Amino acid sequence: MKKILIVIALSTSVLFACNNKAKEEAALKQQEAEKQLAIKAVKDSLRLDSFKKAEVAKVEQEKEAKHQAELVAARRAGANSSRSYASSGGGSSSAYGGTTQPTAKKKGWSDAAKGTVIGGVGGAVAGALIDKKKGRGAVIGGLVGAGGGYLIGRGEDRKSGRVQPKN
């Protein structure tokens with residue numbers, strides 16, 4: 001009888017030991033799943049925040065562009081209407097009425113200047129490599145490269161607003 005009780009006690013202790021580990025593993029898996037969901041929620045919220053920030057920045061940029069367009073239109077209208085010519089005595093002199101706003105000029109090299117230099121150097125190197133007479137090829141290549149670089153850079157200046165397109 002003692003042997004049967006020992007076997008029953010031993011088997012019940014083994015069953016309880018196995019049962020606790022299964023519960024612990026299930027709890028750990030559930031915690032891990034909750035962590036993954038929390039991480040996903042944080043990533044989603046960050047992604048939404050970045051979209052919101054991008055949208056706000058786009059709206060601000062549109063407002064700034066609209067404001068700049070209004071300033072340019074006002075400047076053009078003011079420049080056309082504010083010129084008045086007055087004559088005094090025997091001679092004539094011109095007077096500009098109204099005030100002009102100083103425009104903030106960008107400092108540094110323009111894209112046209114950068115394109116000219118880069119195109120000239122690149123064209124000179126390519127011309128020297130291609131032509132058998134190194135000097136002639138370098139000069140021709142440099143001129144062609146500088147012209148092409150200038151045209152590309154000038155287009156970039158127009159896009160950025162540094163140079164106003166001719167009307």
Where does the charge balance sit around Ser45 when Lys and Arg score +1, Asp and Glu -1, over other residues with C-beta under 13 Å from its C-beta? +3
Distance between modelled label sites at Leu151 and Asp131, nm, 7 Å Cα→Cβ extension: 1.9
P(r) for region 106-167, please, calculated from all Cα pair distances in 5 Å bins and given in %. 5, 23, 21, 17, 12, 9, 7, 4, 1, 0
Any chance you could run the full-extension gain for Lys40 through Ile8? It's 0.36 nm times the residue separation minus the Cα-Cα distance, nm to one decimal. 6.7 nm
Using θ = phi - 60° and Karplus 6.51 cos²θ - 1.76 cosθ + 1.60, couplings along region 131-146 (whole Hz; Gly, Pro as x): 7, 6, 8, 4, x, 5, x, 5, 5, 5, x, x, 5, 5, x, 5
Spin-label model distance (nm) - Val139 vs Trp109, 7 Å beyond Cα toward Cβ: 2.5
At what distance in angstrom do the alpha carbon centres of region 22-50 and region 143-167 lie from each other? 53
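Every number here is computed from the coordinates shown, using simple stated rules; none is lab data. Please read all numbers here as calculations on a predicted model, not as lab measurements. Cβ atoms come from the backbone with ideal geometry, glycine included; neighbour counts cover every protein chain shown.
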